[in-house]
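Asks: This is the structure I want to talk about, given as structure tokens.
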Amino acid sequence: MSAERKTLDERQQMTELERLRHSCAHVMATAILRIWPDAQFAYGPPIETGFYYDFEMAHRITPDDFEKIEAEMKKISKENQKFERRVLTREEAKAMAESGRLGGLSERPGNPSRFKLDLIDKIPEGEEISCFQNGEFIDLCAGPHVGYSGKCKNVKLMSVSSSFYLGDESKGQLQRLYGTAFESKELLEEHLNRLEEAKKRDHRRLGRELQLFHIDEAVGQGLILWKPKGALVRRSLQDFITKELDKQGYSQVFTPHIGKLDLYRTSGHFPYYQESQYPPIAERDVLEKLSDENATCGQLLNGLSDGTYEGYMLKPMNCPHHIKIYASQHHSYRDLPVRLAEFGTVYRWEQSGELGGMTRVRGFTQDDAHLFCTPDQVAAEVQGCLELVKKVLGTLGMNDYRVRLSLRDPDSTKYVGSPENWDKAEAALRAAVQTLGVEYSEEPGEAAFYGPKIDFVVKDVIGREWQLGTVQVDYNLPERFKLEYVGADNQTHRPVMIHRAPFGSLERFTGLLIEHFEGKFPTWLAPEQVRVLPISEKTLEAAEAVTAKLADAGVRVTIDRDSDKIGAKIRLARLDRVPYMLVLGQKEVDEGTVSVRHRDREDLGARSVEQFIADVTEEIAERRL
Ligand SMILES: [Zn+2]
Ligand SMILES: [Zn+2]
């Protein structure tokens, strides 16, 4: 919402940086008014990455105008205008808005400012109404602002788009101009460099250039097609995670992509959360019967929802299937914990506007697992989950991450599970997080009604934060599905369930890895680990033999058979981010060596084929960075 409408409490919480950015928005408005005096400003709050202002005027701003506006902003900053606050009565405010001086020029009244009249109406009776003036610009504003416009000098305009007044389409289209500002020139430059760097690393572009994945309109938005090279990255990652899960005593399972509606009625996923799921699929004979009766679509959907007709759903999560595997046999406390793991593909309905690349999709594969254990085992199991995350992230060189611990609200009674078990689980999660030795924050009241949880937030090489997956304790589903085990006391008990998908989904995680490594995957993850480059036709045969030897040793190797010059072949291999290039000329063939080049290191010199194979297979086996 607009900065103007924030409560006093929220305003006082505006950080120094937000105050600066909001002041820059006023300076930007002043500059625009000097160039286009007909502009009428609506509102201009600070945002996470800077600020914007929404306004209406005849001229449509394009990026070509940015330089001109920035130059005017510089002048205004040099003028060091004072930001002056004035309290207005409702009548004064209305009169100023009527004459177009609020959200416009103070001296040259224009048309009535319809936005300001509307905003004034929205201010509750009894709340103070104030305006801020800097130079010739005056706006309805609660502040706060910096003292003088001299501080607003490290500014950059970023982009322009269209918007609606308070998001309401019926109120007509406005222009929204975004900018960013920092306390110092250095911080601004750092931010702009980071944006540049992020653009260079964009996984959507790299995914296309490196042939990793494809999204096809004919298949559907948000549905990732993993191309052979992307699939190799995913397979290497999956193999690595699977090996670690094997070590930790997980059992791998496979389950289908659909399940009966009744299953999701028991779990509580249906008919709740319908807006985030694909619509249910009816049984074939139901459809046939209904088409005979000329029933409507609405009747069908209602019948599916209330259970009159049988139907299926694309699974929005894997838990119910895993629960049914657990429940398919008798369990004694001696079998616990049961750890069922699956790279399980789930389908969720995301608004099409939210889709893009691998980070927001409609079908994705979770690195999912469900642990069924006794209340006493929760601590050790959560600890195990965290160790796995630490190992995987450490191997990928991501050692900068933090953890959020969501706990229950001590004053609320909405939670399922006994308070003793909650105490125990929360203490277990806290202890596990502490042994990780990373930064963490406790967030009381943020837990789901069915259990406390841990979330991971990873920082990539350029300092951006990515929210990954969770470890979630659950007292609810074991109850709903009436899960049991026989305890040492020979009585039946309810197990506790832990859901964990620490990397979220393979799609999102791979998107993150592409950006983190800028497509330069470490050798063990690289889809193509080595490329053999014969210098000419004459050494092609020997190059084929070297390629075969490497393939035999399990290395992902290709050969460049083109007749291009060697320089061009090296350039292409670098562009494809292949870690190692083996150049083969007559000299190397005669000596039984290869000339080794790394994509971003110096020429590594000649090595015997056997030595290179030993080196590279060791590097892959150790998953070196
Ligand atoms: Zn303001
Ligand atoms: Zn689950």
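Asks: Can you confirm whether Leu300 is modelled with pLDDT of 95 or more, touching a Phe, Trp or Tyr at 6+ places or on another chain (Cβ under 8 Å) and not in a loop (DSSP other than H, G, I, E, B)?
Replies: On the way: modelled with pLDDT of 95 or more: no; touching a Phe, Trp or Tyr at 6+ places or on another chain (Cβ under 8 Å): yes; not in a loop (DSSP other than H, G, I, E, B): yes.
Judged against the criteria, Leu300 is not a match.
Asks: Here's a follow-up. Test Glu484 against the stated conditions and say whether it is more than 22 Å from Gln366 (Cα to Cα), surrounded by fewer than 20 Cβ atoms within 10 Å (Cβ to Cβ) and within 16 Å of ligand 2 (Cβ to nearest atom). Steps first, please.
Replies: Values: more than 22 Å from Gln366 (Cα to Cα): yes; surrounded by fewer than 20 Cβ atoms within 10 Å (Cβ to Cβ): yes; within 16 Å of ligand 2 (Cβ to nearest atom): no.
It is false that Glu484 is more than 22 Å from Gln366 (Cα to Cα), surrounded by fewer than 20 Cβ atoms within 10 Å (Cβ to Cβ) and within 16 Å of ligand 2 (Cβ to nearest atom).
Asks: Here's another thing I want to ask about it. When you scan the stretch 409-421, do you find a residue that is modelled with pLDDT of 90 or more, of a type outside the set (Val, Ile, Thr) and crowded, with 18+ Cβ neighbours inside 10 Å, even just one? Step through it out loud before you land on a result.
Replies: Residues of the stretch 409-421 modelled with pLDDT of 90 or more: 409.
Filter once more, so that each one left must be of a type outside the set (Val, Ile, Thr): 409.
Pick out the ones that are also crowded, with 18+ Cβ neighbours inside 10 Å and you get none.
Looking through the stretch 409-421, none of the residues is modelled with pLDDT of 90 or more, of a type outside the set (Val, Ile, Thr) and crowded, with 18+ Cβ neighbours inside 10 Å.
Asks: For Phe503, which of the numbered conditions (1) modelled with pLDDT of 95 or more; (2) buried (at least 22 other Cβ atoms within 10 Å of the Cβ) fails to hold?
Replies: (1)
Asks: Shifting gears a bit: Does Met73 count as in contact with a strand residue (DSSP E or B) (Cβ under 9 Å, 6 or more places away or on another chain) and modelled with pLDDT of 95 or more? Give the derivation first.
Replies: Numbers: in contact with a strand residue (DSSP E or B) (Cβ under 9 Å, 6 or more places away or on another chain): yes; modelled with pLDDT of 95 or more: yes.
When the stated conditions are applied, Met73 passes them.
Asks: Being within 18 Å of Glu439 (Cβ to Cβ) and of a type outside the set (Asp, Glu) is the filter; apply it to the stretch 386-396 and report the residue that is surrounded by the fewest Cβ atoms within 10 Å (Cβ to Cβ).
Replies: We begin by selecting, within the stretch 386-396, every residue within 18 Å of Glu439 (Cβ to Cβ); these are 386-387, 389-390, 393-394.
Pick out the ones that are also of a type outside the set (Asp, Glu) and you get 386, 389-390, 393-394.
Numbers: Leu386: 22, Val389: 23, Lys390: 17, Leu393: 19, Gly394: 11.
Going through the qualifying residues, I end up with Gly394.
Asks: Let me ask something additional. Do we find a residue being under 17 Å from Ser23 (Cα atoms) and either under 43 Å from the mean Cα position of the chain (by Cα) or at pLDDT below 90 (or both) anywhere in the stretch 110-130? Spell out the reasoning first.
Replies: Here is the first cut: in the stretch 110-130, the ones under 17 Å from Ser23 (Cα atoms) are 130.
Restricting the remaining residues to those that are either under 43 Å from the mean Cα position of the chain (by Cα) or at pLDDT below 90 (or both) gives 130.
Yes: the stretch 110-130 contains one or more residues that are under 17 Å from Ser23 (Cα atoms) and either under 43 Å from the mean Cα position of the chain (by Cα) or at pLDDT below 90 (or both).
Asks: Let me ask you something else. What tally of residues in the stretch 1-30 results from selecting those that are hydroxyl-bearing (Ser, Thr, Tyr), away from ligand 1 (no atom under 14 Å from the Cβ) and modelled with pLDDT of 50 or more? It would help to see each step written out before you state the result.
Replies: Applying the first criterion (hydroxyl-bearing (Ser, Thr, Tyr)) to the stretch 1-30 yields 2, 7, 15, 23, 30.
Filter once more, so that each one left must be away from ligand 1 (no atom under 14 Å from the Cβ): 7, 15.
Narrowing the set further to residues that are modelled with pLDDT of 50 or more leaves 15.
Qualifying residue count for the region: 1.
Asks: Does at least one position in the stretch 215-235 carry a residue that is away from ligand 1 (no atom under 16 Å from the Cβ), part of a strand (DSSP E or B) and of a type outside the set (A, V, I, L, M)? Don't jump to the end; show me each part of the working.
Replies: From the stretch 215-235, those away from ligand 1 (no atom under 16 Å from the Cβ) are 215-235; that's our starting set.
Still in the running and part of a strand (DSSP E or B): 225-226.
Add one more test, that the residue is of a type outside the set (A, V, I, L, M), and what stays is 226.
Checked the stretch 215-235: at least one residue is away from ligand 1 (no atom under 16 Å from the Cβ), part of a strand (DSSP E or B) and of a type outside the set (A, V, I, L, M).
Asks: Going by the structure shown, is Val471 in contact (Cβ under 8 Å) with a residue 60 or more places away in the chain, among the hydrophobic types (A, V, I, L, M, F, W, C) and surrounded by 18 or more Cβ atoms within 10 Å (Cβ to Cβ)?
Replies: Details: in contact (Cβ under 8 Å) with a residue 60 or more places away in the chain: yes; among the hydrophobic types (A, V, I, L, M, F, W, C): yes; surrounded by 18 or more Cβ atoms within 10 Å (Cβ to Cβ): yes.
For Val471, the condition - in contact (Cβ under 8 Å) with a residue 60 or more places away in the chain, among the hydrophobic types (A, V, I, L, M, F, W, C) and surrounded by 18 or more Cβ atoms within 10 Å (Cβ to Cβ) - is met.
Asks: Would you be able to tell me the number of residues in the stretch 37-51 that are farther than 17 Å from Phe132 by Cα and of a type in the set (Ser, Thr, Tyr)?
Replies: Within the stretch 37-51, residues that are farther than 17 Å from Phe132 by Cα and of a type in the set (Ser, Thr, Tyr) number 1.
Asks: Additional query: Of Pro316, Pro280, which residue is at pLDDT below 95, touching a helix residue (DSSP H, G or I) at 6+ places or on another chain (Cβ under 6 Å) and not aliphatic (A, V, I, L, M)? Full working, then the answer.
Replies: On the way: Pro316 fails: touching a helix residue (DSSP H, G or I) at 6+ places or on another chain (Cβ under 6 Å).
The match here is Pro280.
Asks: Identify, by number, the condition in (1) without any contact (Cβ under 8 Å) to a residue 24 or more places away in the chain; (2) not in a helix (DSSP H, G or I) that Ile454 doesn't meet.
Replies: Here Ile454 clears every test but (1).
Asks: If you take the residues of the stretch 253-263 that are out of contact with any helix residue (DSSP H, G or I) (no Cβ under 8 Å at 6 or more places or on another chain) and assigned to a loop (DSSP other than H, G, I, E, B), which of them is surrounded by the most Cβ atoms within 10 Å (Cβ to Cβ)?
Replies: So the first thing to find is which residues in the stretch 253-263 are out of contact with any helix residue (DSSP H, G or I) (no Cβ under 8 Å at 6 or more places or on another chain), and the list is 254, 257-258, 260, 262.
Going one step further and asking which of them are assigned to a loop (DSSP other than H, G, I, E, B), we end up with 254, 257.
On the way: Phe254: 8, His257: 15.
Per the stated criteria, the residue is His257.
Asks: Continuing with this model, one more query. Condition first: in contact (Cβ under 8 Å) with a residue 12 or more places away in the chain, within 18 Å of Glu381 (Cβ to Cβ), out of contact with any helix residue (DSSP H, G or I) (no Cβ under 6 Å at 6 or more places or on another chain) and assigned to a helix (DSSP H, G or I). Now tell me which residues in the stretch 236-252 satisfy that.
Replies: Ile241, Leu245
Asks: Can you pull out the helices (runs of 4 or more DSSP H) entirely within the stretch 31-148 that have at least 1 residues that are among the small types (Gly, Ala, Ser) and more than 16 Å from ligand 1 (Cβ to nearest atom)? Quick ask: steps written out before the conclusion?
Replies: On the way: elements: 66-79, 90-98, 114-122.
So the answer is 66-79, 90-98.
Asks: Criterion first (away from ligand 1 (no atom under 16 Å from the Cβ), more than 19 Å from Gly268 (Cβ to Cβ), touching a residue at least 12 places away in the same chain (Cβ under 8 Å) and within 24 Å of the chain's Cα centre (by Cα)) does Asp409 satisfy it? Walk me through it before giving the result.
Replies: Working: away from ligand 1 (no atom under 16 Å from the Cβ): yes; more than 19 Å from Gly268 (Cβ to Cβ): yes; touching a residue at least 12 places away in the same chain (Cβ under 8 Å): yes; within 24 Å of the chain's Cα centre (by Cα): no.
Against the criterion (away from ligand 1 (no atom under 16 Å from the Cβ), more than 19 Å from Gly268 (Cβ to Cβ), touching a residue at least 12 places away in the same chain (Cβ under 8 Å) and within 24 Å of the chain's Cα centre (by Cα)), Asp409 does not qualify.
Asks: Just name the residue that is farthest from ligand 2 (Cβ to nearest atom) out of those in the stretch 304-338 that are under 15 Å from Pro279 (Cβ atoms) and touching a Gly at 6+ places or on another chain (Cβ under 6 Å).
Replies: Among those residues, the one meeting the criterion is Tyr309.
Asks: Right, something else. Across the stretch 147-182, what is the number of residues that are under 24 Å from Ala93 (Cα atoms) and in contact with a Cys (Cβ under 7 Å, 6 or more places away or on another chain)?
Replies: Residues that pass the stated criteria total 0.
Asks: Tell me, which residue of the stretch 576-600 that is touching a residue at least 24 places away in the same chain (Cβ under 8 Å) and surrounded by fewer than 17 Cβ atoms within 10 Å (Cβ to Cβ) is nearest to Ser236 (Cα to Cα)?
Replies: Going through the stretch 576-600, the residues touching a residue at least 24 places away in the same chain (Cβ under 8 Å) turn out to be 576-586, 588-589, 594, 597, 599-600.
Pick out the ones that are also surrounded by fewer than 17 Cβ atoms within 10 Å (Cβ to Cβ) and you get 586, 600.
Working: Gln586: 35, Asp600: 22 Å.
Residue satisfying both the conditions and the ranking: Asp600.
Asks: Considering each residue of the stretch 111-135, count those that are within 15 Å of Ala29 (Cβ to Cβ), surrounded by fewer than 23 Cβ atoms within 10 Å (Cβ to Cβ), touching a Lys or Arg at 6+ places or on another chain (Cβ under 8 Å) and touching a residue at least 60 places away in the same chain (Cβ under 8 Å), and give that number.
Replies: Qualifying residue count for the region: 1.
Asks: Count, please, the residues in the stretch 83-110 that happen to be within 19 Å of Ala58 (Cα to Cα) and among the charged types (D, E, K, R).
Replies: Total satisfying the criteria: 2.
The values are calculated or read from the model by the stated rules, or taken from the named source; none is laboratory data. Just so it is clear, the structure is predicted and the values come from calculations on it, not from any experiment. Neighbour counts run over all protein chains shown; Cβ positions are idealised from the backbone, glycine included.
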